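Here's the structure we're looking at; comments come further down.
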Amino acid sequence: MKHLFAFFLFLISTLANAQTACDSLEFVSIQYSSFTDSVIVVKVMNHNTNEIFDYPGFVLLDDNGDTVALETVNYFGIGQQSVHLLNVRPGVHDSNSTFNGTLRLYSGFFQNLECEWSPDQSFCPNAGCDSLIIGFQNWGGALVLGDFAWSLLDSTNSIIDSGVLTMTANEQYWFKGFCLPHARYSYTLYALGQPSGGGPTMTVAADSWYGSPSISQPFNWSSGNVLNFQFYDFCNDTEVPNGLQDVSNESPVKVIRNGESLQLRATDAMQMVEVFAANGSLVGIFNPNSDRFTLPTGLQPGLYIVRVYSKDTVLSIKILL
């Protein structure tokens, strides 16, 4: 009996040791961006606090070994909750077809192969409805105040929903969620009073995960504002494959370490920078209105999510201090 017990202890120890850091990665979803088939979004949870895969990069390869989609490395590592945007090469995969190939994770700017998986799935979500969030936010400057009439319309200009939102000194943002079928939509917004300044911005997002794709448009006080967008509409087309821009190797925001400080350098002026701790708590909001921004000193060591808002984009970067 003693030998049998020792054998079970050995077996348990062997199985535990066989686990790798890759086994701690849980994929929440792998699918196209809600608004374009030029980007595949990989959402992953890392349950291993001892391995963050320094400077990670995901790549999708088809059965022939050709690159289907490639991530531009802009994270220091993979934290607990992570979103990775892979730029799709044009013409290599039909957006409605099942993907059979390989998903690889590299570290060290694609120097080290860490993990490999074999997905067998479509990158389009199942038919039905999917989450969509429209919003109105102040991205800097003075306060945005007053009442605004909003509406969401389908491709036939029929109103899906509408209402009036109010921006106050204590509430400088507004969101409204829907579950919508795949189609084209329009989000409209009108000011019901006089301009009050600030940086009012209309936003559309699929979910609230940090780093998830979104669309934004500055609000014009003097005219009606319409934000047109497709919402997985390309997944309804079974004949036309994707064919958008080539993969870019340049990230619009770079992180530069200068002694004890970290500086963000962007190709466009950063209108607003939000800093979050790894648990999602807000550390601070800053309005640099410049292409350079130095993170505040005194932050405790750990993983931080930095969300950068520029004129036409929203980008999330993970930074390890």
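The values are calculated or read from the model by the stated rules, or taken from the named source; none is laboratory data. The shown structure was predicted, so the numbers you read here are calculated from the model rather than taken from an experiment. Virtual Cβ from ideal backbone geometry, glycine too; neighbours counted across all protein chains shown. The protein model used for the area step is the full one, side chains on, heavy atoms only, and it has no ligands, DNA or RNA in it. Shrake-Rupley method; radii C 1.70, N 1.55, O 1.52, S 1.80 Å.
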Working carefully through the options Asp207, Asp154, find the one that is free of Cβ contacts under 8 Å to residues at least 40 places away in the same chain and acidic (Asp, Glu). Asp154
For Thr20, the lone unmet condition from (1) out of contact with any Phe, Trp or Tyr (no Cβ under 9 Å at 6 or more places or on another chain); (2) crowded, with 17+ Cβ neighbours inside 10 Å is (2)
Selection count, the stretch 288-321, where residues are surrounded by 15 or more Cβ atoms within 10 Å (Cβ to Cβ), modelled with pLDDT of 80 or more and outside any strand (DSSP E or B): 3
Considering residues that are more than 28 Å from Gly198 (Cβ to Cβ), at pLDDT 75 or above and hydroxyl-bearing (Ser, Thr, Tyr), the number found within the stretch 251-273 is 1
Check Gly140, Gly163, Gly65, Gly79 and return the single one that is surrounded by fewer than 15 Cβ atoms within 10 Å (Cβ to Cβ) and not in a strand (DSSP E or B). Gly65
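In the stretch 116-137, which residues are crowded, with 18+ Cβ neighbours inside 10 Å and among the small types (Gly, Ala, Ser)? Explain how you work it out, then say what you get.
Here is the first cut: in the stretch 116-137, the residues crowded, with 18+ Cβ neighbours inside 10 Å are 123-124, 130, 132, 134-137.
Result: Gly135, single match.
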Some residue of the stretch 200-217 being open to solvent by less than 30 Å² (accessible area, probe 1.4 Å) and over 29 Å from Glu71 (Cβ atoms): yes
Only one residue in Ser107, Ser158 is open to solvent by less than 70 Å² (accessible area, probe 1.4 Å) and under 30 Å from Ala183 (Cα atoms). Which one? Ser158
